[in-house]
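Undergrad: The structure under discussion is supplied below as structure tokens; questions concerning it will follow.
No value in this document is a laboratory result; all are computed from the given coordinates. Values in this document were obtained by computation on a predicted structure and should not be read as measured data. As a convention, Cβ positions derive from the backbone with ideal geometry for all residues, glycine included, and neighbour counts pool all protein chains shown.
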Amino acid sequence: MGRSYLGEFEELVLLAVTVLNPGAYGVSIAEELRQRANRTISLSAVHIALYRLEEKGYVTSEMGGATLSRGGRRKRLFSITTAGREMLAEIQQVRDQFWNAIVNPAQS
Amino acid sequence: MKNENNMSPPHWASKLFKLLCPPDLFEEIQGDMQEQFEFDVKRVGVKAAQRIYALETLKFAKPYFLKKRLLTPKKAKSQSLIPNRQNQPIAKKTKSQQLTAKSSNTAMLQNYLTTARRNLARHKSYTLINILGLVLGMSCGILIFSLVNYHLGFDRFHEKADRIYRVTSELHQEDVSKYGTVPQPIGAAMRNDFAFVEKASMLINFGATISVTTEKNKAKFGDRVAYTEQQFFEIMDFPVVAGDRKTMLSQPNTAVITEQLADKYFHGEEAIGKSFRVDNKTDFTVTGVIKDLPENTDFRQEIFLSYVTISQTQPWLNSWGGIYSGTQAFVLLKPGAGAAKADITNAQKAMAGISTKYYNAKDAKAFKFNLQPLSDMHMNQEFDGTIAKSQLLALSLVAVFLIITACVNFINLATAQALGRSKEIGVRKVMGSMKSQLFWQFITETALITLIAFIFAVTLAYFCLPYMNVMLSTRVTIDLLTNWNQPIFIVCLLVVVTFISGSYPGLVLAGFQPIAALKGKLTQSQVGGFSIRKGLVVAQFAISQTLLIGTIVVASQMRFNSEADMGFKKDAIVMLPVPETTPAKTSAMRARFSQLPEVEKITFCEAPPASPDGNFDTGIRYASRPEPEKFTIFLKSGDPEYLSMFGLQLVAGRNLAQSDTVREYLLNETAAKKLGVKPEEAIGKNVNINNADGTIVGVMKDFHNFSFRSKIEPVCLTTRSDHYYRAALKISGQNVPKTLASLEKIWNETNAEYIYSYQFLDDHLTYFYGTDELMLKLMWIFAAIAIFIGCLGLYGLISFMAAQKTKEIGVRKTLGAGIGSIIWLFGKQFASLLIIAFIIAAPIGWWLMDKYLADFQYHIDLNATIFIAAIGITFLIAIVTVGYRSVKAALMNPVKALRSE
């Protein structure tokens, strides 16, 4: 019903936002993904994912305070919304069901 | 310092990033990029970090960001991308934001279009004049473009076109004459003697009567046939529908015809294997069918007969001595042989070998052969090309002129209108409209008018196309779907016309001072460019007057051509073909025709005294002089009735005696003069003309044996009944249609196997002036259009002046000025413009027409009447155009004009 689904990368970004809360912004998310998923991550891809998630209503954002390290530019800090949490939970549930079916085929 | 510089991301990348990044996201993303960069510097070093930064920047050139970048208005810099609203589907909000960003662009456009539409609807006459001018200009442009395009595209479709050449010949005698035609054996010579020739083929054209033998009623058709060698279809790319391209003309008595003819002859039945008869003599079997000839080829014959059919039986095909006007030779050079200019020059040098190999020493000097590229064939006037490149250029120039004239008109009217719109411009400016926006508004408006005009122009061009094709005997098509360069031209035309006509008024409008405009204090001098507009009208009228002068001159010369005395009678003479020239046949025809009471006189002859065809010039040796004369003489054949038939007079001696072979000659005065003898002295002398001896029995008074273009040449007349291809009949003037009908009936009875045709002598003579006739028609049309568009411009200018002088007229009228003096106010303006235009046009017209008339040996004189007529006509038309508007202005109530202060 007009529900938006998540791509794999978007899902990862959404998870990273949740983990890093309240300090989730472009660079930190990219770094987190690099470490955990062990793959090359481009900033632009992260940003696109973030903005898409925001358009879909799964994250929300506000401008944070200025810091010295960024040439005085402010960060946009992202945090997950309830809709986002529900989405993640639902994905997890679907996956779990599948895994259960794989581990224990009788129980499906 | 240096260190710090090195520590920062690459400069160009930062700039690029700024360009690519949506402004409202710029701060945060730039921050992230910077932070990442600093982090990377620590991790992998400066160089690598810079590389990563640059790469990352490039990655921002993704559709997602670019779309955002383009859709965001420059000024709107929202602090937050999306207001904080938890648990809300924010997507909607964002979309609507995007929507407003997009629609603010289109909204303005919509407003422009609405304003334009209302404005056009309010000033209907203005719109009409503009559109009419543009329609005429543009449809001429489209037609001329298609025509030029058509002519440029001739025979370009052959796949090997760049390697196909036509062999041409040069005859070096007293002067050099060039022909696109060649002696018949040259095809074989080219094929056998030269390594650079891959394939060669002769092509010999004839007119023929085709009868389909399989039909019971033996249908007859008059079609052109060409004898070609089998390699012809390997050189040229005419698509073969049935039959084998390589072998279809290899056997005697085989033929290739087009689909269209196959249908005409055999009514849709399988044509291969069917046969038809040519000239009631030889049967040919169809071995190949080709697709109908494309429009843009100079090969117009639709029946190709195998060359081997005639090569055995016709000895003249092996003669190097004569050049028949239907014989052409085409060669296909080996790949690479014609690649460089030098190769062609070498090839032509090698071809000098033909002269030495096949001719005796004396003739080898006279005959030279060259190669002409296929693409050159259509354009080269030396070899009777259809149209010269210079003519195409002239046509294109006329088109450009007409379009410019239409644009000028538009500019004139639009600037004249501008004053009326000053309030609108003022309000727009006060509301924050920028100069560029106003300019684009006006361009939009112009584009709308151009588009409307354009639709009409295309329609008009479509409807005029068939007439143009008939007039110019072309096969131009307007096909926007398959031919890609027509649509491209049309779009370019649209854009160019819009910008030429829209930009000047646009700049004027955009330059208004808002306060002055709102207060209604704008004066015409501030609108400016009055002198520019005057200049434009002068230019328009100079062009149309030049065309008019040309038209009058050509028309007078044409009248001179048809009315001036040619030295022989040409009224009420009908000419019929004589297909079989045996004495028995001709005397039978004579007997039958003589029975008709309407036929006053009959003569059998080769050609009338002056004729575009059937002219044959040959050598002459007079009396006992040992050497032939230096000049050549035109040999005409006719029976003794010839003189009285055409009213030719003798200055000495007597008429020819009846004979079927050459016995006696009549010379004309010019011939006698060239021989250096008095007419009386020549009588009784022996003369050898065209290797036939005879006695000179009389000398004719000179008559024009060609058009007025050429001088009177030496002519002789003799009796040669086997050359009497025509019968000329003098008919009484009463009931011509009935006479013609009975002539046809008798002719068909005496020549059952052939196709009847007839021609009046004066019609026959107009062939001399075919191109002039055409030129006259074209000039008429162009002059009319130019004058019409010019008048529209004049009307615009006068309306402009009327608006400008409203107050002045009011004041003058209150002070007691009469209507006449006020009309004169306008009159003197346009009169001076026309006179200036005339002063420009007259010398140009004089010069051009002097060149044109120089082409005629006998022509009219350019006199003042022609020029007076030209300016008189322009004045008359201009008065009609201007009259209404100025009278209206003069009759206006002065109170209305003065009250609005």
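Undergrad: Calculate, for B:Y324 and B:S531, the FRET efficiency according to 1/(1 + (r/R0)^6) with r their C-beta to C-beta distance and R0 60 Å; round to the nearest 0.05. Before the final figure, lay out each step's value.
TA: Working: r = 64 Å, r/R0 = 1.06.
Efficiency at R0 = 60 Å is approximately 0.40.
Undergrad: Relative to the longest principal axis of the C-alpha atoms of chain A, give the angle of the C-alpha long axis of helix A:43-56, reported between 0 and 90° and rounded to the nearest 10°.
TA: 70
Undergrad: Tell me what chain B gives for mean residue ellipticity at 222 nm when only DSSP H runs of n ≥ 4 count, each as -39,500 (n - 2.57), the sum divided by the residue total, rounded to 500 deg cm²/dmol.
TA: Values: 31 runs with 481 residues, N = 901.
Only helices count here, giving -17500 deg cm²/dmol.
Undergrad: Next question, about the same structure. Please give the Cα centre distance for the range A:1-66 versus the range B:840-901, rounded to the nearest Å.
TA: 79
Undergrad: Rank the residues B:Y165, B:Y754, B:Y884 as a footprinting-exposure proxy: fewest other Cβ atoms within 10 Å of their Cβ go first. Intermediate results must be reported in sequence, preceding the final value.
TA: Working: B:Y165 28, B:Y754 19, B:Y884 11.
Going from least to most buried by this count: B:Y884, B:Y754, B:Y165.
Undergrad: When Lys and Arg each count +1 and Asp and Glu each count -1, what net charge do the other residues less than 12 Å away from B:G567, Cβ to Cβ, add up to? Mind dumping the intermediate values first?
TA: Working: positive: B:K569, B:K570, B:K701; negative: B:D565, B:E669, B:D702.
Net charge in that neighbourhood comes out at 0.
Undergrad: So which of B:K281/B:K362; B:K519/B:K888; B:K291/B:K585; B:K636/B:K685; B:K220/B:K711 end up more than 30 Å apart, counting from Cα to Cα?
TA: Working: B:K281/B:K362 39 Å; B:K519/B:K888 27 Å; B:K291/B:K585 40 Å; B:K636/B:K685 19 Å; B:K220/B:K711 41 Å.
Check vs 30 Å cut-off fails for B:K281/B:K362; B:K291/B:K585; B:K220/B:K711.
Undergrad: Obtain the nm distance between the two label points defined at A:W99 and B:F489 by a simple spin-label model: each point lies 7 Å from its Cα along the Cα-to-C-beta direction.
TA: Here the answer is 7.2 nm between the modelled labels.
Undergrad: Arrange B:R720, B:R156 by Cβ neighbour counts within 10 Å, fewest through most, would you? Don't skip to the end; give the middle numbers.
TA: Working: B:R720 22, B:R156 13.
The fewest-first ordering by Cβ neighbours comes to B:R156, B:R720.
Undergrad: Sequence gap at least 6, Cα distance under 8 Å: using those rules, report the relative contact order of chain B to the nearest whole percent.
TA: 12
Undergrad: Could you tell me which helices of chain B pass both thresholds, a Cα extent of 20 Å or more along their own axis and a mean Kyte-Doolittle hydropathy of at least 0.5, with helices taken as whole DSSP H runs?
TA: Values: long enough: B:23-44 (31 Å, -0.84); B:91-122 (45 Å, -0.97); B:124-152 (41 Å, 1.35); B:341-358 (27 Å, -0.44); B:389-418 (43 Å, 1.56); B:435-472 (50 Å, 1.32); B:485-510 (35 Å, 1.73); B:530-563 (49 Å, 0.77); B:736-750 (21 Å, -0.33); B:770-804 (50 Å, 1.46); B:819-854 (50 Å, 1.42); B:864-891 (38 Å, 1.79).
Passing helices, by number: B:124-152, B:389-418, B:435-472, B:485-510, B:530-563, B:770-804, B:819-854, B:864-891.
Undergrad: Expressed as a rounded percentage, what relative contact order does the range B:176-254 have, with Cα pairs under 8 Å and six or more residues apart? Can you show the working numbers first?
TA: On the way: 78 pairs, mean separation 17.8, N = 79.
Relative contact order for the range B:176-254 comes out at 23 percent.
Undergrad: Need the full-extension length gain, B:F26 to B:Y758, defined as separation in residues times 0.36 nm minus the C-alpha distance. One decimal, nm. The partial results should precede the final answer.
TA: Numbers: separation 732, 0.36 × 732 = 263.52 nm, distance 8.76 nm.
Difference between extended and current length: 254.8 nm.
Undergrad: Further question: Taking the Cα centre of each part, how many Å lie between the range B:772-790 and the range B:125-143?
TA: Each part's Cα centre sits 16 Å from the other's.
Undergrad: Going by C-beta contacts inside 10 Å, put B:Y307, B:Y227, B:Y462, B:Y769 in order with the fewest on the left. Don't skip to the answer; put the middle values down first.
TA: On the way: B:Y307 24, B:Y227 27, B:Y462 13, B:Y769 20.
By the 10 Å Cβ count, ascending, the order reads B:Y462, B:Y769, B:Y307, B:Y227.
Undergrad: Below 8 Å, C-alpha to C-alpha, sequence gap of six or more: please give me the relative contact order for the range B:730-886 in percent.
TA: On the way: 38 pairs, mean separation 51.9, N = 157.
Normalised by residue count, the contact order of the range B:730-886 is 33 percent.
Undergrad: What aspartates and glutamates could a cross-link reach from B:K674, if we take a straight Cα to Cα line under 18 Å and drop same-chain neighbours fewer than 8 places away?
TA: List returned: B:E174, B:D175, B:D617, B:E627, B:E629, B:D702, B:E713.
Undergrad: Now for a separate question. For the range B:204-253 and the range B:564-631, what is the centre-to-centre distance using only Cα atoms, to the nearest Å?
TA: 33
Undergrad: For a Förster distance of 51 Å, can you work out the FRET efficiency between the beta-carbons of B:S732 and B:T115, rounded to the nearest 0.05?
TA: With R0 = 51 Å, the Cβ-Cβ based efficiency is 0.10.
Undergrad: Angle check, please: helix A:8-20 long axis (alpha carbons) against the longest principal axis of chain A (alpha carbons), in degrees 0 to 90, nearest 10.
TA: The angle comes out at about 60 degrees.
Undergrad: What FRET efficiency would be calculated for the residue pair B:T285, B:T582, taking the C-beta separation as r and a Förster radius of 35 Å, to the nearest 0.05?
TA: 0.75
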